[in-house]
């Protein structure tokens, strides 16, 4: 090979092609998740605007309206708009390396969410925004999408002045599959979107943000934990969550795990195994990154179930729920994936925190196993502890607890291990009696004993046993 | 096994006759002799008796789990084999083994309760029946069951609720509407818009013969022929083709003499008021509720059976 041969090779063009962003990246995310990305931008807008309110409701006064129908999608907010100085970040396909986060406490890292959501849904988009004196519109057309050589988007001054600073995104020329979901599957889609927003945004809605979907307000469904309040001078076991908190490499971590409801009776467990009675359970771990839930009620190995000495999730553990919160001004340090709806399972920080999550969970799986034959008694203990508290209330209540340092551990921090009630030794002599009888006969005995054929079969069995026991002692 | 007194359930009887009406409409689009009717007919096989009367060309299969009720069904069967086959099995096992092939069906999932597995069975059925099959589902819709038990309702049905943040409504109309929305979401999940078949409702009602019930009838139909179905049912007096609020059935208890006195005045507009005047007295608490009840009678008088004392 001569030197002349080498000269025939020119440099290789590695510039991106537009269709990659329009058709490929959009496959990595579900429609509902891409809409959550748009809501993330709203909340980042609030943080950027520096108009957050103090106290427990920093987002009060801010709202986002989502409207979808067979031929269009719209999201409109009053969250401060996009300042012109950020246009390069907001509309560029991806974020340049080395660029500092523009919103401390936000979740945007990759600069792809809004564009991916738009391309996921349709071929035409009008983005109108107002931030102080900046008032402009950007239009994405099918022609622009189809032109591989055109990367600049024309910008024009917005015609109308808005009452409040904010952004409106209208997507038209919907992709056929999306149009079908917005019309033919409208009820199902709205229900699922509502559910995702109510769970993934529970903590943000609880802090004052209002979201409406096709006119209906979304109510938060935050995880709640039973927390027996500490009264001065009282000692002894009580139902409280396990809590761990730390701050490391610019990330604050606070996790709490405990009971969200009384533990189930054996009959409840058996009947659920035989026939799925519940379509929705609040059990499992919710993981928050800067207030957004990136996992909701997860009951897999991802959150420690079935790992090390923690048993696999089973209906028996229906009452156990936990929240792990990660908070950082630099979103790139949070253990989340690019879609922001999953955990980066290789994150060192998350793996260390997961150890703590398992440690906490173990306390409550142990309690459940010890009390499962006496679920009624346990129910009374848990109900006596009062109404479950929200995560924010748990954080407030935790200020009155005595934490112990975990310096010897890999992840240093402070933890609170609750002392839960244990069954008395005599109670461990208890034996479970269970048997199966014909349903018709059970109803007949229930009617004989209680004048009600619908009485719970376990009560019927217990009453039969007690009657014979009384008889035998005569 | 105890059964309610069927002769004391006039609203259910009306609902049963509206099903016969819907099937008659369907016959304008397809040949009913290609259909098999599957039902959970209870001890008296009332729906089977009606279908045999109106559509004797249709094959019928009864599904019954309880052995004694099964024996009573054999006693009450309105016609012989092969027109009617009595199967002794539970609905879930039956549906699990059911293979439709190209055989069109009319299914009535006539449940007495409201449980999550009922929706699962409904979804399973929508995915299995042949194109142009009719499916009717009846569910308990009694608001009292979940008064102050919002969490229990959410745990059971959260995945199907339009907005699980809210407690189930406390009034019958609202509760029935919620159950209908849950049926709709189930049907959209079972047959999403990406599939060639869709589920189109044709009627929905709620009523109480002592316990609140909701019932909805619809068809599994090719999306490409949606207009033909809507066209066929559009002028039906009970049509609900776009998931509008379910219609209430609450027919009054009238004597045969009263019915004969009123019947020749029907149909007419503003029937409640004119029938009250024709009677000359109140049949309910006040003028308003009397006119409502008589309006109900006017709406359903063709579907309102006569319950008479007979000496065997």
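The values are calculated or read from the model by the stated rules, or taken from the named source; none is laboratory data. These figures come from a predicted structure and were not determined experimentally. Note that each Cβ is placed from the backbone with ideal geometry, even for glycine, and that neighbours are counted across all protein chains shown.
If you check residue A:357 against the conditions, is it under 30 Å from residue B:116 (Cα atoms), under 19 Å from the mean Cα position of the chain (by Cα) and either without any contact (Cβ under 8 Å) to a residue 24 or more places away in the chain or assigned to a helix (DSSP H, G or I) (or both)?
Considered against the rule, which asks whether it is under 30 Å from residue B:116 (Cα atoms), under 19 Å from the mean Cα position of the chain (by Cα) and either without any contact (Cβ under 8 Å) to a residue 24 or more places away in the chain or assigned to a helix (DSSP H, G or I) (or both), residue A:357 comes out as no.
Yes or no: residue B:277 outside any loop (DSSP other than H, G, I, E, B), within 25 Å of the chain's Cα centre (by Cα) and more than 29 Å from residue B:136 (Cα to Cα)?
Criteria not met by residue B:277.
If a residue must be touching a helix residue (DSSP H, G or I) at 6+ places or on another chain (Cβ under 9 Å), buried (at least 16 other Cβ atoms within 10 Å of the Cβ) and either outside the structural domain of residue A:266 (by TED's automatic domain parsing) or under 24 Å from residue A:365 (Cα atoms) (or both), how many such residues does the range A:327-352 contain?
Counting residues in the range A:327-352 that are touching a helix residue (DSSP H, G or I) at 6+ places or on another chain (Cβ under 9 Å), buried (at least 16 other Cβ atoms within 10 Å of the Cβ) and either outside the structural domain of residue A:266 (by TED's automatic domain parsing) or under 24 Å from residue A:365 (Cα atoms) (or both) gives 1.
For residue A:245, which of the numbered conditions (1) more than 14 Å from chain B (Cβ to nearest Cβ); (2) crowded, with 19+ Cβ neighbours inside 10 Å; (3) more than 30 Å from residue A:31 (Cα to Cα) fails to hold?
Only one criterion is unmet by residue A:245, namely (2).
Which count do you get for residues in the range B:247-272 that are under 24 Å from residue B:172 (Cβ atoms) and assigned to a helix (DSSP H, G or I)?
The number of residues fulfilling the criteria is 2.
Among the residues of the range A:206-225, how many are within 14 Å of chain B (Cβ to nearest Cβ) and in a loop (DSSP other than H, G, I, E, B)?
8
Just give me the residues in the range B:115-147 being within 14 Å of chain A (Cβ to nearest Cβ), modelled with pLDDT under 95 and assigned to a loop (DSSP other than H, G, I, E, B), in sequence order.
Hit for the range B:115-147 is B:115, nothing else.
Table: residues versus (1) modelled with pLDDT of 85 or more; (2) under 28 Å from the mean Cα position of the chain (by Cα).
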{"position": "A:383", "(1), (2)": "yes, yes"}
{"position": "A:400", "(1), (2)": "yes, yes"}
{"position": "A:411", "(1), (2)": "no, yes"}
{"position": "A:415", "(1), (2)": "yes, yes"}
{"position": "A:457", "(1), (2)": "yes, no"}
{"position": "A:465", "(1), (2)": "yes, no"}
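Among the residues of the range B:173-188, write down those that are more than 13 Å from chain A (Cβ to nearest Cβ), touching a residue at least 60 places away in the same chain (Cβ under 8 Å) and either surrounded by fewer than 21 Cβ atoms within 10 Å (Cβ to Cβ) or in contact with a helix residue (DSSP H, G or I) (Cβ under 7 Å, 6 or more places away or on another chain) (or both).
B:173
Filter the range B:54-65 down to the residues that are over 15 Å from residue B:111 (Cβ atoms) and either part of a loop (DSSP other than H, G, I, E, B) or without any contact (Cβ under 8 Å) to a residue 24 or more places away in the chain (or both) and list them by number.
Correct list: B:55, B:56, B:57, B:58.
Name the one entry in B:46, B:68, B:99 that is more than 14 Å from chain A (Cβ to nearest Cβ), touching a residue at least 40 places away in the same chain (Cβ under 8 Å) and closer than 27 Å to residue B:115 by Cβ.
B:46
If you check residue B:167 against the conditions, is it more than 8 Å from chain A (Cβ to nearest Cβ) and free of Cβ contacts under 8 Å to residues at least 24 places away in the same chain?
So residue B:167 fits the description; yes.
With respect to residue B:30, is the statement that it is assigned to a loop (DSSP other than H, G, I, E, B), at pLDDT 90 or above and out of contact with any helix residue (DSSP H, G or I) (no Cβ under 8 Å at 6 or more places or on another chain) true?
Answer is yes for this residue.
Here are some residues: A:232, A:279, A:271. Which one is at pLDDT below 90, over 23 Å from residue A:417 (Cβ atoms) and not in a helix (DSSP H, G or I)?
Checking each option against the conditions leaves just A:279.
Every residue in the range B:200-246 that is surrounded by fewer than 21 Cβ atoms within 10 Å (Cβ to Cβ), within 14 Å of chain A (Cβ to nearest Cβ) and in a strand (DSSP E or B), please.
Across the range B:200-246, the qualifying residues are B:200, B:222.
Count, please, the residues in the range A:186-205 that happen to be more than 7 Å from every other protein chain (Cβ to nearest Cβ) and within 10 Å of the chain's Cα centre (by Cα).
The total comes to 7.
Considering only the range B:139-170, how many residues are surrounded by fewer than 22 Cβ atoms within 10 Å (Cβ to Cβ) and within 20 Å of the chain's Cα centre (by Cα)?
Adding up the residues that qualify gives 3.
What number of residues within the range A:169-185 are within 9 Å of chain B (Cβ to nearest Cβ) and without any contact (Cβ under 8 Å) to a residue 24 or more places away in the chain?
Total meeting the criteria: 4.
Output the residues belonging to the range A:157-205 that are assigned to a loop (DSSP other than H, G, I, E, B), touching a strand residue (DSSP E or B) at 6+ places or on another chain (Cβ under 6 Å) and surrounded by 21 or more Cβ atoms within 10 Å (Cβ to Cβ).
Passing the criteria: only A:165.
Determine whether residue B:75 is within 21 Å of the chain's Cα centre (by Cα) and farther than 15 Å from residue B:107 by Cβ.
no
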